[in-house]
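The values are calculated or read from the model by the stated rules, or taken from the named source; none is laboratory data. Everything numeric in this text was worked out from a predicted model, so none of it was measured. Virtual Cβ from ideal backbone geometry, glycine too; neighbours counted across all protein chains shown. Areas reflect the complete protein model, heavy atoms only, side chains present, ligands, DNA and RNA absent. Shrake-Rupley method; radii C 1.70, N 1.55, O 1.52, S 1.80 Å.
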Amino acid sequence: MDLKLLSIATLLGILCFCSAQQEGSDCIKANAQSCGECIQVAEKCGWCTDADFLKQGESKSARCDELKSLITKGCSKAKIENPRGSISIDKDKPVTNRKKDVAEKLKPDQITQIQPQKLSLNLRSGEAQTFKLKFKRAEDYPIDLYYLMDLSFSMKDDLENVKNLGTDLMREMQEITSDFRIGFGSFVEKTVMPYISTTPARLLNPCTSNENCTSPFSYKNVLRLTENGQKFNSLVSKQQISGNLDSPEGGFDAIMQVAVCGDAIGWRNVTRLLVFSTDAGFHFAGDGKLGGIVLPNDGKCHLENNMYTMSHYYDYPSIAHLVQKLSDNNIQTIFAVTEEFQPVYKELKNLIPKSAVGTLSSNSSNVIKLIIDSYNSLSSEVILENNKVPDGVSIKYKSICKNGVVGTGENGRKCSNISIGDEVSFDITIESQKCPSKGKSETIRIKPLGFNEDVEIVLNFICECECSKGGEPLSKICHNGNGTFECGACRCNDGRIGRLCECSTDEVRTDDLDGNCRKDNGTDICSNNGDCVCGTCECKKRENPEERYSGKFCECDNFNCDRSNNKLCGGHGRCECRVCICDANYTGSACDCSLDTSTCLAANKQICNGRGTCECGVCKCTNPKFQGPTCEICPTCPGVCAEHKECVQCRAFETGEKKDTCQRDCNYFNLIRVKDRDKLPQPADQSYPLSHCKERDANDCWFYYTYAVRNDTMREVYVVETLECPAGPDIIPIVAGVVAGIVLIGLALLLIWKLLMIIHDRREFAKFEKEKMNAKWDTGENPIYKSAVTTVVNPKYEGK
């Protein structure tokens, strides 16, 4: 039963140890055959370049392990290859502190809102690199605004209010920026059935006979971006309403052309706003099939004479395609739509980053306020996005926004409620899990949505160790040139294997080679603890990297030694080939026997109180009647005081049982007499054990003494020379006290009796009084009673 419990405890200890070392086993499990493969496994893995590091039976992959494990196995720090990642900032132009009222104006390309602008990252697999990105909204930043308007017939009254939009909007935008440009475009629908009527008359005038409308068109760039508000008013006032048949409009075609035709529109690298004004829904990808158009939108510019000419050839763009082009060209969209279509465009806003929706009045009279409010809303939020990252690379964002608000996850990409001049920052963490298949360098870009600036990040991947650069191709060490000797090991050529590339892959499983892996011509190959490779045993790896097989035939290991206290070699040695090699001051098969005698020292500085020997740090008492950690306890022995009482009594007072044999039996101590107890030695004054004793003789007299042992042999007894005997009794006071006590007790008893009698009499009298009060007397006459008085009446008496 005890053996079973011990085995379970040992197993639990091993499991706990393995769990604690699980991380380190990743390096071993990878079976890396070169330094480059090793450093790609995990950040914690290193490669030992010491040519003499491997023990017999160990494979090349044993060079790859956690740093602490390599050092424990005997590899010096100087011989461990463990490259680390790094960050270098290549372009770090500070953000611009620009004021609107300053006379000197900066060009758009001279304004910086994001810092730094370019970085280079050296990435090691599993090691994250973090850098800080700063963003600050510049004051008086230039704005380009393009007004894209639906000119279908239902927008007739809206066109009248937009005709003066140029100068009015210019005036309002002066409060925000001194560098503002405005442009105008219009759209209706694809010029094919069933979106418009293709009869000749309707193509000339799609409206009713009472209305004079222009011919239908898909998209027209009426005015490229300009600083001249009067020109905007002039050209817009000349525009005419057109018409179509269905309710949804072809606005997506127009948005796509506005986004991709930057030269025609006149976009600058500044804040780009697109105001999309309509009172209807929209067509999107797939709807073109109704008109026989099946080719997907190509996302390219097709403007000729400022007219979109391929509406009949390409389908409407999809929402995702539109989002991509708007993002690529840093365009922020404001949907100015009527109340009826608010729900539709709010859903669309959720799909298009950096877009806003405003409610347009029925005649567009509130369009300027709508634009100002939407711009303030868009510009108060910064959202970071990045292009596609290489396979195996991940990016995490953490935002530190206004008032110290911190965002993580998806919220780590953005900051809200940013005013002009506010500065926010982002902690960006990039981590690679593997090296790219092609090339060693990749470039990604991070930019705030709706802004033309971005951060260029060059990713350089650490895929090889520095030591590989000094490799020796066709090295003689590697079996006469069958491999490259690098980083302390052979990297074999194709078709060659083995620690020194000594074998061809065709020779691996031959019986002759297997025979070299059998110990003493036995049947077990590599003691069933390894594989025979090229006639040499390569020992298996254990789940726990601290445990390993070794030896020519993998017959040795470092984990099957004796255990003590559930620890291998008692925690005081190392296991080599299943035998414990004990540390200094330890011995035994499990190194569980300590040679240190300090644990056996008693309080008197003697080893085991002189009553035993110290074995493995524990006292073994030679006299069986003694026990305890230092043989200090003797349950059957008399106490020190009782043991020496008779000898002290006979020598000091010549009394006691040993007074006749005192000279013979009690000469083993030195007797010193003192006058009183205060003269006796005190324990605090002595550097040796001291016992204070108080004993009584046959006459009931007390005597006091101390017993001490000096230098293991010299015994001293200090005794008070006078006995303390009790005085005899005084008879007269005792007799007088007894008589007085009897008298007092008698008087007390008489008083108590008298008191009880008084109480009893009073109770009886009270009872009599009560009965007397309750008595009722009979007042009836006795029938035989005759009164002694006789009254005679004179019949003649008349009362005169």
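The slack in the chain from Val618 to Lys29, taken as 0.36 nm per residue of separation less the alpha-carbon distance, amounts to 207.6 nm.
In terms of overall dimensions, the range 151-380 has a Cα radius of gyration and Dmax of 16.7, 50 angstrom. Summed over the residues of the chain and divided among them, the accessible surface reaches 55 Å² per residue at a probe radius of 1.4 Å. Across the range 81-95, rounded Karplus estimates of 3J(HN,Hα) from the backbone phi angles (6.51 cos²θ - 1.76 cosθ + 1.60, θ = phi - 60°) give 8, 8, x, 10, x, 7, 10, 10, 8, 8, 9, 9, 6, x, 5 Hz, Gly and Pro being marked x. Dipole of the chain, Cα-centred, from +1 at each Lys and Arg C-beta and -1 at each Asp and Glu C-beta, to the nearest 20 debye? Result for the chain is approximately 1780 debye, rounded to the nearest 20. Here the extension length gained between Leu203 and Ile89 equals 35.0 nm, from 0.36 nm per residue of separation less the Cα-Cα distance. Along the range 539-546 the Karplus relation, 6.51 cos²θ - 1.76 cosθ + 1.60 evaluated at θ = phi - 60°, assigns HN-Hα couplings of 5, 5, 9, 9, 4, 8, x, 6 Hz to successive residues, with x for each Gly and Pro. Placing a label point 7 Å from the Cα of Asn460 along the Cα-to-Cβ direction, the residues of the range 120-152 whose backbone N falls under 20 Å from that point are 120-132. In the assembled protein chains, Asp263 presents an accessible area of approximately 140 Å² (probe radius 1.4 Å). The value of relative contact order for the chain, using C-alpha pairs under 8 Å at least six residues apart, is 9 percent. For the range 249-318, pairs of C-alpha atoms spaced more than 15 angstrom apart make up 55 percent of the total.
Normalised by residue number, the volume inside the convex hull of the Cα atoms of the range 116-258 is 175 Å³ per residue.
Can you tell me how the range 276-363 classifies by the Cα gyration tensor, rounded, prolate or oblate, using a/c under 1.5 as the rounded cut? Prolate is the answer for the range 276-363, as a/c is 1.5 or above and a/b outweighs b/c. Protection proxy ranking for 291-301, 460-470, using the average of other Cβ atoms within 10 Å per residue and placing the highest first: 460-470, 291-301.
Of the solvent-accessible surface of the chain, computed with a 1.4 Å probe over protein heavy atoms with every protein chain present, carbon and sulfur atoms account for 51 percent. Multiplying the residue separation of Thr309 and Lys369 by 0.36 nm and removing their Cα-Cα distance gives an extension gain of 18.2 nm. Under 5 Å from the amide H of Val533 lie the amide H atoms of Glu538, each residue being 5 or more positions distant or on a separate chain, with H modelled from the backbone and absent for Pro and chain starts.
From most to least packed by mean Cβ count within 10 Å, the peptides 569-578, 243-252 give 243-252, 569-578. Only protein heavy atoms count here; on that basis, with a 1.4 Å probe, Lys402 has an accessible area of about 80 Å².
For Lys567, the aspartates and glutamates whose Cα falls under 13 Å of its own Cα, not counting residues fewer than eight places away in the same chain, are Asp592.
Accessible area per residue (1.4 Å probe, heavy atoms of protein chains only) ranks Thr214, Thr333 as Thr214, Thr333, with the largest value leading.
Amide H to amide H, with H built 1.01 Å from N, Asp315 comes under 5 Å of Leu295, Asn297, counting only residues 5 or more places away or on other chains. Distances between every pair of Cα atoms in the range 640-720, grouped in 10 Å steps from 0 to the bin holding the largest one, split as 18, 55, 24, 3 percent.
For Cys435, the accessible area of its heavy atoms, probed at 1.4 Å with every protein chain present, is near 30 square angstrom. FRET efficiency for the Ser120 to Cys577 pair, using the beta carbon distance and R₀ = 45 Å, is estimated at 0.35.
Cross-link partners for Lys289 among the lysines, with Cα-Cα distance under 25 Å and sequence neighbours closer than 8 places in the same chain left out: Lys190, Lys220, Lys300, Lys325. When both the range 580-626 and the range 298-348 are represented by their alpha-carbon centers, they are found 91 Å apart.
Between the amide H of Ala336 and those of Phe276, Ser277, Thr278, Gly358, distances stay under 5 Å, these residues lying 5 or more places away or on another chain, with hydrogens modeled in the peptide plane. Between Met757 and Asp109, the simple label model (points 7 Å from Cα in the Cβ direction) yields a spacing of 14.0 nm.
Shape summary: the chain maps onto an equivalent ellipsoid whose semi-axes, from the alpha-carbon gyration tensor, are 101, 68, 29 Å in decreasing order. Sorting Trp702, Trp267, Trp47, Trp753 on solvent-accessible area from highest to lowest, probe radius 1.4 Å, gives Trp753, Trp702, Trp267, Trp47. Phi angles across the range 111-125 convert, under the Karplus curve 6.51 cos²θ - 1.76 cosθ + 1.60 with θ = phi - 60°, into 3J(HN,Hα) values of 9, 10, 10, 9, 8, x, 9, 8, 9, 10, 10, 9, 9, 9, 3 Hz, Gly and Pro given as x.
Summarising the label geometry, the points placed 7 Å from Cα in the beta-carbon direction at Ser416 and Arg445 lie 2.9 nm from one another. What the Cβ-Cβ distance of Glu721 and Lys605 gives, at R0 = 41 Å and to the nearest 0.05, is a FRET efficiency of 0.80.
The orientation-averaged shadow of the Cα convex hull for the range 313-380, equal to a quarter of the hull surface, comes to 5.6 nm². Checking the cross-link pairs Lys354/Lys388; Lys55/Lys476; Lys476/Lys519; Lys625/Lys675; Lys107/Lys349 against a 26 Å limit on the alpha carbon distance flags Lys476/Lys519; Lys625/Lys675; Lys107/Lys349 as lying beyond it. Rounded to the nearest 500, the 222 nm mean residue ellipticity of the chain from helices alone is -7000 deg cm²/dmol, with -39,500 (n - 2.57) taken per DSSP H run of at least 4 residues.
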